[in-house]
Ligand SMILES: [Zn+2]
Ligand SMILES: [Zn+2]
């Protein structure tokens, strides 16, 4: 295990998965008192990694999976099996997305323990969950019309509106806030909370210097680029700029020789290499997009500059959000301009006043 730490990192190395990934629900020891469990999910991203940490009097769990029967069954087996009937003493959620927070309310209620989470993640999650059962608001329709959606695409958005909250059990009425750079104690180890942003508003990562581990949630992922999107709740947001800054900050604060425990794919070494790859990838995307805007285009016309495959079906929403994140970032830097036509559609184009688009 830890003795396999390589001296140099040419790329990423995956010390645990030279064979296959562990079967869903089967704990895999990462370090003393730290266990990795993969949970299956019924979607194209077909799994999430959760972490069980031995704690005084029981277990701290980090992230929870979706509120679906299969995930609850997997937890039941862990509670009575591997976790030896010891209670969960605290649930930590790295961020507000349903695959991470889905069963937080169910577990905290069952064990009468606290949910630990950054404040913006907790509040935003409760706000978005409250959308379930409502009709899509007019501002959201206007937002996607401005991006270039046709009536069929808008109808599809209306039908899917509120899905976010469907896979999340009701959250507790109070929580314990996780604060940037605070140190929390889990078992006999200190873990430092380091907050990132861009993928979600106030994403927690957990760093244990003694064990040389980083629980990175979705802030840093191997093989997959974390989704960075603009949503109708904050149409003028610039999450890509936040994400780029957070990533540079993580690279500054954290040493390179950590074993990174990501929420998707597998534990890996090569944190700085990965952060550099992700940052460079987005910078390249920004410059291809800038080049593509030699002539005026709508957000949905820009997909060829950013994606290899044409986004269709469920991936349309993600692709639109990601494209808008890149467009808003270029707008913030004054590299491009945005004009609205009589139909309320936004057209983007290179800003002739801008010489340097970096
Ligand atoms: Zn996420
Ligand atoms: Zn996730």
Task: Filter pass, residue 261 being at pLDDT 95 or above and either loosely packed, with under 15 Cβ neighbours inside 10 Å or outside any helix (DSSP H, G or I) (or both) - done: yes
- [ ] Return the total of residues in the stretch 91-123 being within 18 Å of the chain's Cα centre (by Cα), in contact (Cβ under 8 Å) with a residue 24 or more places away in the chain and surrounded by fewer than 18 Cβ atoms within 10 Å (Cβ to Cβ).
- [x] 2
Open item on the list: Pull out all pairs, ordered by first then second residue, where Cβ-Cβ is under 7 Å, the residues are six or more apart or on different chains, the first lies in the stretch 260-280 and is under 16 Å from residue 198 (Cβ atoms), and the second is assigned to a helix (DSSP H, G or I) and within 15 Å of ligand 2 (Cβ to nearest atom).
Closed with: 263/100
- [ ] Filter the stretch 341-357 down to residues that are touching a helix residue (DSSP H, G or I) at 6+ places or on another chain (Cβ under 7 Å) and part of a strand (DSSP E or B) and give me whichever is surrounded by the most Cβ atoms within 10 Å (Cβ to Cβ).
- [x] 348
TODO: Evaluate the following for residue 250: is it closer than 19 Å to residue 264 by Cα, part of a strand (DSSP E or B) and more than 12 Å from ligand 1 (Cβ to nearest atom)?
DONE: no
- [ ] Among the residues of the stretch 25-56, count how many are assigned to a strand (DSSP E or B) and away from ligand 2 (no atom under 16 Å from the Cβ).
- [x] 10
Task: Every pair of residues 6+ apart whose Cβ atoms lie under 9 Å, when the first sits in the stretch 168-187 and is surrounded by fewer than 12 Cβ atoms within 10 Å (Cβ to Cβ) while the second is assigned to a loop (DSSP other than H, G, I, E, B) - done: 185/56
- [ ] Could you tell me whether the stretch 310-322 includes any residue that is in contact with a strand residue (DSSP E or B) (Cβ under 9 Å, 6 or more places away or on another chain) and in a helix (DSSP H, G or I)?
- [x] no
TODO: Those residues that are assigned to a loop (DSSP other than H, G, I, E, B), modelled with pLDDT of 95 or more and either surrounded by fewer than 15 Cβ atoms within 10 Å (Cβ to Cβ) or within 16 Å of ligand 2 (Cβ to nearest atom) (or both), I need them from the stretch 267-309; list them, please.
DONE: 267, 294, 295
Open item on the list: For a quick check of your reading: which helices (runs of 4 or more DSSP H) sit entirely within the stretch 63-115 and have at least 3 residues that are more than 16 Å from ligand 2 (Cβ to nearest atom)?
Closed with: 69-80, 104-111
Open item on the list: residue 331 - would you say it is within 25 Å of residue 164 (Cβ to Cβ), touching a strand residue (DSSP E or B) at 6+ places or on another chain (Cβ under 7 Å) and either modelled with pLDDT of 95 or more or in a loop (DSSP other than H, G, I, E, B) (or both)?
Closed with: no
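The values are calculated or read from the model by the stated rules, or taken from the named source; none is laboratory data. Computed from a predicted structure; not experimentally measured. We place every Cβ from the backbone using ideal geometry, glycine too, and count neighbours over all the protein chains shown.
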